[in-house]
Amino acid sequence: MLKTLVLSLAPVLLFSASPDDVLMRAMKDELERSLKKLQLEKLEKPYFIAYKIVDTDTTNAAATFGAVTDGAQRRTRLLSVEVRVGSYTRDNTNFFTMRLNPAGVVRVFADQGINTPLDDNYDEIRRQLWLATDSAYKQALDDFAKKTAVLANRNRTDDSPDFFKEEATTNEERTTPAVVPLDTARNLVRELSALFRSAKGIDHSAVRLTVTNTTTRFLNSEGTSYLRTAPLVHLNISADAQASDGLPITDSDSLYSRFLADLPAKEQLAHRVRTLAQRVTALREAKLLERYTGPVLFSGAAAAELLGQTLAPALVGLPRLVVEDPRFENIFGADQGGLRERLGSRILPTFLNVTDDASRTAYRGQTLFGGYQVDEDGVRARPNQVVERGVFKNLLSSRALVAGAAASTGNRRTAGTMPSNLIVEATNGVTDEELKQKLIASVRERGLEFGILVRRLGNPTAPRPQGRMRVVSITIGGAGGGGGGGVPIEPIVEAYKVFADGREELVRNLGIAGMTLANLKDITAASNEPFVYTGAYRNNRQNPFQAGGAIFANAPLVSLAVPSLLFDELVLQRPVGEVPKLPFSAHPSFSN
């Protein structure tokens, strides 16, 4: 027993915290104490403990039609503690229970983040760590006992270890913070949002600037530690309106950078605001298309948005949970929406390859925002070939392994296991114009009047104006909630009929009906010009409590480089359901 304890402590003792870093020093000291003394009589000792403290400084400014609606600066500090009892083979994790105490009150868990004092007070930080560790340890013992009891009466087909043992790493990733005075942020959003005043027919609009500086400190009992600072600037432009039949028109545009100076010049930002306003105005008058079956070309951003909402979540390997209550087995014990069972099978055309590479910071001269040097577990980033010549080769995973995964791919992020920088490349790509001609040729071969070109899909995680359009509930058969075996896909924002002579005609309020992951094999051609797209990740497979996909307030960014894609056949149709009536009186004009 003494020998085992000494071995488990050795990695921690090798780590030396900077004497100026009060937080890391407190984490190290409390971790050593917990490993020596944390044990209830005759019960399991922790075999693994991890501490993480995340400091976040945020500057927010928002405006609508030239009037500031939000302008604030906020700082938060969250502490999370992970305690594991048992062994790497079987421990207290990957277990689902309703987590109710005898009184029926849901407990607060240390691994979900606890608000911690902002002052760098060594003694108080130690006290907070002690309290959180004690709570996490007791919860771990409870879960391990329940899980052990459940498994005593069941045979498991998936006997993957609960936790993969990694070598200890130390990493420091410091970046200059993004400093934006609050007045500067307010003035920028005020000026940009005022441009919507001349856009007739737009009911609501918003321009929001969010500047975030995040510092993460991590330390675990294996000896792994890292300190990471990450600045991020996000500018979001959004607007909504109603068409003549009452159907909602919603559109947005997001830009990301590390520093404010890296955003486009103000004149270019103004151009993007005007472009979005013109697009929303044009969509109000565009024609409806009841239903379409035929070839569909997803161009530029639309291709990236499509794969980001369909393929990207399916590439993630999630461990199969042990479920205490058999009534929840089909919900929490299943791997719905994943491709784990398709390892070694073709899921894309043979001319497409997919790589997830968190170690990259740019692709063809464009910045990628989904990368890092080490993931949230401290596992070093590296390229992972996910799909080779259309064949699914590798699951993206964390240290919580799944069947078919030999080790962590370094994809543990703040909201769970997810992609980082997803790069899709075609071995026989053509130019975008040649791809459009292929669409037209397919239309002629089938004797159709037109094909469909999609330029943009909805962004499920983008901020939107808080107008009445937010309460509208409409569905596209099989899409949105994944009905009929479909995967969750946002409605199409910008699409065109493409006639045999190359002429384009804007259409509105279309959705993709009943699309499944199997449809991805029906891609017949791709371009040689990947579009780099960045967005917050919709984690629609991590938490079954949030049906249709969880949208996290601090969802990590995923960058995708995807070529334009031509599908042999898809079904598109207008939405069905109730929509709001038009206002009785006209929109009041703005005074000049």
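The values are calculated or read from the model by the stated rules, or taken from the named source; none is laboratory data. Not measured: the values here are computed from a predicted model. Neighbour counts are summed over all protein chains in view; Cβ atoms, including those assigned to glycine, are modelled from backbone coordinates with ideal geometry. Accessible surface is based on the protein model in full, side chains and every heavy atom, while ligands, DNA and RNA are left aside. Shrake-Rupley method; radii C 1.70, N 1.55, O 1.52, S 1.80 Å.
Could you list, in sequence order, all residues of the stretch 201-245 that are surrounded by 23 or more Cβ atoms within 10 Å (Cβ to Cβ), under 20 Å from the mean Cα position of the chain (by Cα) and within 30 Å of residue 379 (Cβ to Cβ)? Listed by number, the list holds a single entry, 211.
For beta carbons closer than 9 Å, sequence separation of 6+ or different chains, a first residue in the stretch 123-135 that is closer than 13 Å to residue 38 by Cβ and open to solvent by 80 Å² or more (accessible area, probe 1.4 Å) and a second that is in a helix (DSSP H, G or I) and acidic (Asp, Glu), the qualifying pairs are 130/30.
Considering each residue of the stretch 74-123, count those that are outside any loop (DSSP other than H, G, I, E, B), closer than 30 Å to residue 147 by Cβ and either at pLDDT 85 or above or in contact with a Lys or Arg (Cβ under 9 Å, 6 or more places away or on another chain) (or both), and give that number. Full working, then the answer.
Initially, the stretch 74-123 is screened for residues outside any loop (DSSP other than H, G, I, E, B), giving 74-86, 91, 95-96, 100, 106, 110-112, 114-115, 122-123.
Still in the list and also closer than 30 Å to residue 147 by Cβ: 78-86, 91, 95-96, 100, 106, 110-112, 114-115.
Next, only the ones that are either at pLDDT 85 or above or in contact with a Lys or Arg (Cβ under 9 Å, 6 or more places away or on another chain) (or both) stay: 78-86, 91, 95, 100, 106, 114-115.
Here the count works out to 15.
Among residues of the stretch 183-212 that are under 18 Å from residue 268 (Cα atoms), those with a beta-carbon under 8 Å from a residue that is at pLDDT below 95 and basic (Lys, Arg) at least six positions away or on a different chain give the pairs 206/464.
For the stretch 20-44, a tally of residues being of a type outside the set (D, E, K, R) and either exposed (fewer than 14 other Cβ atoms within 10 Å of the Cβ) or assigned to a loop (DSSP other than H, G, I, E, B) (or both) returns 4.
Check every one of the helices (runs of 4 or more DSSP H) wholly within the stretch 275-333 and list those with 1 or more residues that are open to solvent by 10 Å² or more (accessible area, probe 1.4 Å).
On the way: elements: 301-309, 311-314, 329-332.
Ranges flagged: 301-309, 329-332.
Of all residues in the stretch 189-198, none are assigned to a loop (DSSP other than H, G, I, E, B) and basic (Lys, Arg).
Looking at the stretch 60-73, is at least one residue in contact with a Ser or Thr (Cβ under 7 Å, 6 or more places away or on another chain), at pLDDT 90 or above and surrounded by fewer than 15 Cβ atoms within 10 Å (Cβ to Cβ)?
Of the residues in the stretch 60-73, the ones in contact with a Ser or Thr (Cβ under 7 Å, 6 or more places away or on another chain) are 60, 62-66, 73.
Next, from what is left, pick out any that are at pLDDT 90 or above: 60, 62-66, 73.
After this cut, where a residue has to be surrounded by fewer than 15 Cβ atoms within 10 Å (Cβ to Cβ) as well, the list is 73.
Yes, the stretch 60-73 contains a residue that is in contact with a Ser or Thr (Cβ under 7 Å, 6 or more places away or on another chain), at pLDDT 90 or above and surrounded by fewer than 15 Cβ atoms within 10 Å (Cβ to Cβ).
Of all strands (runs of 3 or more DSSP E) completely enclosed by the stretch 356-459, which ones contain at least 2 residues that are over 21 Å from the mean Cα position of the chain (by Cα) and more than 30 Å from residue 89 (Cβ to Cβ)? Spell out the reasoning first.
Working: elements: 383-388, 421-426, 450-457.
Of the strands (runs of 3 or more DSSP E) lying wholly inside the stretch 356-459, those with at least 2 residues that are over 21 Å from the mean Cα position of the chain (by Cα) and more than 30 Å from residue 89 (Cβ to Cβ) span 421-426, 450-457.
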